[in-house]
Amino acid sequence: MAGLNGHGMEDDLTVQFKKVDITPGNPVRLAGYFNERLSSGVLDPLYLRLAAIRKGDGRQLFIQIDNCAILAEDVGEIKSEIVRQSSFLSREIMVFASHTHTGPDVAGFFGLPREVRYLEFLKNRIIGEALSLKPSKKSLVHWATAQYQGLAYNRRWHLKSGKVMTNPPKMSPEMVRPEGAVDREVNTVVFTDERGAYQAFFVNISNHTDTIGGDRISADWPGFMERFINQGLGTDVPVFPFIAPQGNVNHLEFESPRSQTNYDEAARLGKAYADVVMGSLARLRPVSIKHISSREIVLAIPSLDVSDGEQEKARQILAGTKSKSLPPNRDLTAEDLAKGDPAIERLFAENLLRFTKSKPDLNQVPLQVFDLGKVAFAAIPGEPFVEIGLALKASREDDLIVPVALANGYFGYIPLQECFDRGGYEVRAGAACCLAQDAAMRILRTFRELLKPPPES
């Protein structure tokens, strides 16, 4: 399939897409697990992808990074410098991560040092490349949706004990049922020129980007997805992974004993998702774009309360366990936490007490919407549970809502309020769960205002 022949060209919708290699040249700490992992090599490259879109006075700048997460303070610096040197407004810039767990740690998860030198390189590269963009190529926009089976699963399970556990041991006889939903919908926004040649793909998928493990750099399954799409279509265009809310899902088949942490697993998911995307292209529908717009609200959300009992329990854990360094270059994950690893319990106790001491009264959480005709991108700075994404998708009838997690900062997991009393890794207070228990409700309520369709959309 060489391209698309579509409806008439929109008068002045112009674009520029760019893909830039940002693979570190030196060993770096990798983000995503509880212990320090120093990279020992590169499996495949990491990229920065940029899309500048303009129509009339409307502008949008999408900046996608192959990384686990980027903090709001760093996003603020990036946006401020782009705004200072260009005509973009801050609300017209969206910065979001692919959430790969085999990329440089620029966020400093679990009290580990940030990769400051790489972060400075990354910020400078983003700003420089953004300022070089000149959206002058005319473009048509289409979108398609598809459903699939398998690949993504709710990772929080009800146990016979009545509690919920994140990533229980596979085939455990204690598992009763998954706690919540799964979003197995792939939405693809396709940009083409007037001859129908592909320019770029925006692909929205709800799944965790954590299939490989180990200590070698990789973009994980989104990198494979891009390569397989281009291979299958005979193209060479950027494929932007827009990770939908996925805080309570991953790729693990808990009722199957097979190993699912390896490079082949990333290739399997990437190929499967590429096939879903390519299969949906026969059902593309045009997007009529009369104008584009961008809106943002910075929502003040209180920090998560930590009870006196929780603090006392953390102090007891520290008093009852020996302080020792977590083993380097070994994967320590939520699966080890589920097994009750004492070193990780100590880590979480330290994390809770550190959070209790330093947490702000209010967190300034940016929520953003880009309208591209009947397509709206809703950006959330954290890892919302999948039910939040499903609610956003259902909020505008006949329109395509693309919920984007890990965008414009990182405020940890955003669970549903009813999940807090059940247990599981995602609801444990600390840097990875820092917002008040009603944060999901506050966010959805604010998006109901932000997602009201603009006039003549």
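With the structure loaded, tell me whether residue 59 is more than 22 Å from residue 210 (Cα to Cα), among the charged types (D, E, K, R), at pLDDT 95 or above and in contact with an Asp or Glu (Cβ under 7 Å, 6 or more places away or on another chain) or whether it fails that test.
So residue 59 fits the description; yes.
Of the residues 28, 42, only one is surrounded by 16 or more Cβ atoms within 10 Å (Cβ to Cβ) and either modelled with pLDDT of 95 or more or more than 27 Å from residue 127 (Cα to Cα) (or both); which?
After applying the criteria, what remains is 28.
Examine the range 186-199 for a residue that is farther than 22 Å from residue 255 by Cα and in contact with a helix residue (DSSP H, G or I) (Cβ under 6 Å, 6 or more places away or on another chain), and state whether such a residue exists.
Yes; the residues of the range 186-199 include at least one that is farther than 22 Å from residue 255 by Cα and in contact with a helix residue (DSSP H, G or I) (Cβ under 6 Å, 6 or more places away or on another chain).
Does any residue of the range 102-115 turn out to be over 17 Å from residue 210 (Cβ atoms), in contact (Cβ under 8 Å) with a residue 24 or more places away in the chain and polar (S, T, N, Q)?
no
Among residues belonging to the range 255-284 that are of a type in the set (S, T, N, Q), within 18 Å of residue 154 (Cα to Cα) and in contact (Cβ under 8 Å) with a residue 24 or more places away in the chain, point out the one that is surrounded by the most Cβ atoms within 10 Å (Cβ to Cβ). Explain how you work it out, then say what you get.
Here is the first cut: in the range 255-284, the residues of a type in the set (S, T, N, Q) are 256, 259-262, 280.
Among the residues that remain, those that are also within 18 Å of residue 154 (Cα to Cα) are: 256, 259-261.
From what's left, in contact (Cβ under 8 Å) with a residue 24 or more places away in the chain: 256, 260-261.
Numbers: 256: 11, 260: 18, 261: 16.
Here the residue is 260.
For a quick check of your reading of the model, give me the residue pairs whose first member lies in the range 369-386 and is closer than 27 Å to residue 139 by Cα, whose second is assigned to a strand (DSSP E or B) and among the acidic types (Asp, Glu), with beta-carbon atoms closer than 9 Å and at least 6 apart or on different chains.
Correct list of pairs: 369/296; 377/371; 379/296.
Taking the criterion of being part of a strand (DSSP E or B), closer than 24 Å to residue 307 by Cβ, modelled with pLDDT of 95 or more and touching a strand residue (DSSP E or B) at 6+ places or on another chain (Cβ under 8 Å), would at least one residue in the range 373-381 satisfy it?
No - not one qualifying residue is present in the range 373-381.
Residue 306 is checked against (1) closer than 23 Å to residue 69 by Cβ; (2) crowded, with 22+ Cβ neighbours inside 10 Å; (3) of a type in the set (A, V, I, L, M) and fails just one. What number does that condition carry?
For residue 306, the exception is condition (2).
Just name the residue that is nearest to residue 29 (Cα to Cα) out of those in the range 139-173 that are charged (D, E, K, R) and touching an Asp or Glu at 6+ places or on another chain (Cβ under 6 Å).
156
Take the residues of the range 120-177 that are of a type in the set (Val, Ile, Thr) and buried (at least 17 other Cβ atoms within 10 Å of the Cβ): which is farthest from residue 207 (Cα to Cα)?
127
Look through 213, 223 and report the one residue that is among the small types (Gly, Ala, Ser), out of contact with any strand residue (DSSP E or B) (no Cβ under 9 Å at 6 or more places or on another chain) and under 30 Å from residue 335 (Cα atoms).
213
Is the range 400-411 home to any residue that is at pLDDT below 95 and closer than 16 Å to residue 247 by Cβ?
No, the range 400-411 has no match at all.
Does residue 290 satisfy the criteria of being modelled with pLDDT under 95, under 25 Å from residue 204 (Cβ atoms) and either touching a Pro at 6+ places or on another chain (Cβ under 8 Å) or surrounded by fewer than 20 Cβ atoms within 10 Å (Cβ to Cβ) (or both)?
yes
Please go through the range 200-244 and pick out each residue that is in a strand (DSSP E or B) and either basic (Lys, Arg) or over 20 Å from the mean Cα position of the chain (by Cα) (or both).
The answer is 216, and nothing else.
So, restricting to strands (runs of 3 or more DSSP E) that lie completely within the range 46-119, which ones have at least 2 residues that are of a type in the set (S, T, N, Q) and either touching a Ser or Thr at 6+ places or on another chain (Cβ under 9 Å) or surrounded by fewer than 24 Cβ atoms within 10 Å (Cβ to Cβ) (or both)? Before you say what the answer is, go through the steps one by one.
Numbers: elements: 47-55, 58-65, 93-97.
In the range 46-119, the matching strands (runs of 3 or more DSSP E) lie at 58-65.
Residues that are part of a loop (DSSP other than H, G, I, E, B), under 27 Å from residue 426 (Cα atoms), under 22 Å from the mean Cα position of the chain (by Cα) and at pLDDT 95 or above: does the range 300-312 have at least one?
yes
Looking at the structure I just gave you, is residue 335 outside any loop (DSSP other than H, G, I, E, B), among the acidic types (Asp, Glu) and at pLDDT below 95?
yes
The values are calculated or read from the model by the stated rules, or taken from the named source; none is laboratory data. Predicted model, so just to flag it, every value in this text is computed and none were measured. When we count neighbours, we look across all protein chains shown, and the Cβ atoms used for this are built from the backbone with ideal geometry, even at glycine.
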